[in-house]
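A short worksheet on the structure shown next.
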Amino acid sequence: MMSKEGSAIKLIKERSMPIKLKQLRAIHARLTPTHTSYKIIYHELTKRELGLQGERTLDYHLQFLNDDFNIIHDLRMNGINQTLFQIDTLILCPQFISIIEVKNIAGSIHFEQTSGQMIRKLHDRVESLPNPLTQIHRQQIQLQHFLLNHQFPSIPIKTLITFSNPTTLIETDHPSIVRTEFLPSKLEKLQSQFPEKKLKATDLNKLVDCLKNAHVPERTYPLETYSIKPSDLRKGVDCPSCNHPHMTRSKKNGSWYCIRCKHFSKTAHLHAIEQFSTILDKKLTNKEARTYLSIDSRHTAYRLLKEFEGTQ
Ligand SMILES: [Zn+2]
């Protein structure tokens, strides 16, 4: 990542496309709208797509940080009493560490002091949403515990909630809440407020490595979560040209053929294999490939799976 001065910011761990979002996209594409879980899948998918947009906006603005800052995305670690905790964006510099949570929410946002609720008003609708300040406070405690456990010097941990949607009206002056475009200046201001370098360069590098090594990759089984049977998923290879759901395998030239738009494709199966292996979170067996791609030949399934593995 390049900063505005052209010097490199240390982006330690890049943001990966969240596995849950990938799975929801694939299930959404493979589930019929009449399925009892379709609505919840659609709702979850929309929420996570908005989240990803927010994170991309954040990443854009983080480019403008000075090069004292190290950025680590998507950390998932073991915390207090075997609980897992997740930090979307962690920013480290010698003076302090900042946990950042990005929210992409439309409407006007108001924080109620007494009840601790976050209230969102949108088109005359008022609803209470989970308060990100509570959530991020827990992450702060977990991270403090992690640093102590790994014997790192004590360093201030600042939590920041950032709203990425420029149309959101934020009705609070809470110091931990900042619009995404002002985040770089907020972090640099914090740097001048905490002038003391708590971590030497070697400690900072050690901490970065330690955090990266502590990352626990996530495995999820959405079919179980959303009560979907593998047999509920629509099978077959979709036409990349018109989305027709059942291309047929032409034995003559080893291509997929679409009876609707007459399109031939040699690679249309790759997307289908990707979708099913994402949903199941594993490599497809030969039998599964035959079932999900709607083909009979064990030999063809073997070849198509090999080809898919070559693209990974
Ligand atoms: Zn077609």
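Which ones in segment 218-233 are in contact with a Lys or Arg (Cβ under 9 Å, 6 or more places away or on another chain) and either within 16 Å of the ligand (Cβ to nearest atom) or assigned to a helix (DSSP H, G or I) (or both)?
Those that are in contact with a Lys or Arg (Cβ under 9 Å, 6 or more places away or on another chain) and either within 16 Å of the ligand (Cβ to nearest atom) or assigned to a helix (DSSP H, G or I) (or both): PRO222, LEU223, ASP232.
Quick check on this structure: which one of ALA289, ALA301, ALA268 is buried (at least 19 other Cβ atoms within 10 Å of the Cβ), among the small types (Gly, Ala, Ser) and in contact with a Phe, Trp or Tyr (Cβ under 7 Å, 6 or more places away or on another chain)?
Working: ALA289 fails: in contact with a Phe, Trp or Tyr (Cβ under 7 Å, 6 or more places away or on another chain); ALA301 fails: in contact with a Phe, Trp or Tyr (Cβ under 7 Å, 6 or more places away or on another chain).
Exactly one residue qualifies, and that residue is ALA268.
Within segment 234-261, restricting attention to residues that are near the ligand (Cβ under 7 Å from one of its atoms) and more than 19 Å from TYR292 (Cβ to Cβ), which residue is surrounded by the most Cβ atoms within 10 Å (Cβ to Cβ)?
This residue is SER241.
Just one of the numbered conditions (1) without any contact (Cβ under 8 Å) to a residue 24 or more places away in the chain; (2) surrounded by 20 or more Cβ atoms within 10 Å (Cβ to Cβ) is not true of ASN131; which one?
Tallying (1) without any contact (Cβ under 8 Å) to a residue 24 or more places away in the chain; (2) surrounded by 20 or more Cβ atoms within 10 Å (Cβ to Cβ), ASN131 fails exactly one: (2).
Kindly provide the set of residues from segment 35-75 that are of a type in the set (Phe, Trp, Tyr) and either in contact with a Cys (Cβ under 8 Å, 6 or more places away or on another chain) or outside any loop (DSSP other than H, G, I, E, B) (or both), ordered by number.
Start the filter on segment 35-75 by keeping residues that are of a type in the set (Phe, Trp, Tyr), which leaves 38, 42, 60, 64, 69.
Of everything in segment 35-75, those that are of a type in the set (Phe, Trp, Tyr) and either in contact with a Cys (Cβ under 8 Å, 6 or more places away or on another chain) or outside any loop (DSSP other than H, G, I, E, B) (or both) turn out to be TYR38, TYR42, TYR60, PHE69.
Output the residues belonging to segment 157-174 that are closer than 13 Å to SER98 by Cα and not basic (Lys, Arg).
First, pick out the residues of segment 157-174 that are closer than 13 Å to SER98 by Cα: 157-162.
ILE157, THR159, LEU160, ILE161, THR162, listed by residue number.
Can you name the residue in segment 139-157 that is assigned to a loop (DSSP other than H, G, I, E, B) and touching a helix residue (DSSP H, G or I) at 6+ places or on another chain (Cβ under 8 Å) and is also surrounded by the most Cβ atoms within 10 Å (Cβ to Cβ) among such residues? I'd like the intermediate steps shown before the answer.
Going residue by residue through segment 139-157, those that are assigned to a loop (DSSP other than H, G, I, E, B) are 150-156.
Those still in the list that are touching a helix residue (DSSP H, G or I) at 6+ places or on another chain (Cβ under 8 Å) too: 150, 152-155.
Values: HIS150: 12, PHE152: 17, PRO153: 10, SER154: 9, ILE155: 21.
The selected residue is ILE155.
Do we find a residue being free of Cβ contacts under 8 Å to residues at least 12 places away in the same chain, outside the structural domain of MET77 (by TED's automatic domain parsing), within 30 Å of ASP74 (Cβ to Cβ) and not aliphatic (A, V, I, L, M) anywhere in segment 233-256? Walk me through how you get there before you give the answer.
So in segment 233-256, the residues free of Cβ contacts under 8 Å to residues at least 12 places away in the same chain come out as 243, 245, 248, 251-253, 255.
So of that shortlist, the ones also outside the structural domain of MET77 (by TED's automatic domain parsing) come out as 243, 245, 248, 251-253, 255.
Remaining after also requiring within 30 Å of ASP74 (Cβ to Cβ): none.
No.
The values are calculated or read from the model by the stated rules, or taken from the named source; none is laboratory data. These figures come from a predicted structure and were not determined experimentally. Methodologically, a virtual Cβ is constructed for each residue, glycine included, from the backbone with ideal geometry; neighbour enumeration extends over all protein chains shown.
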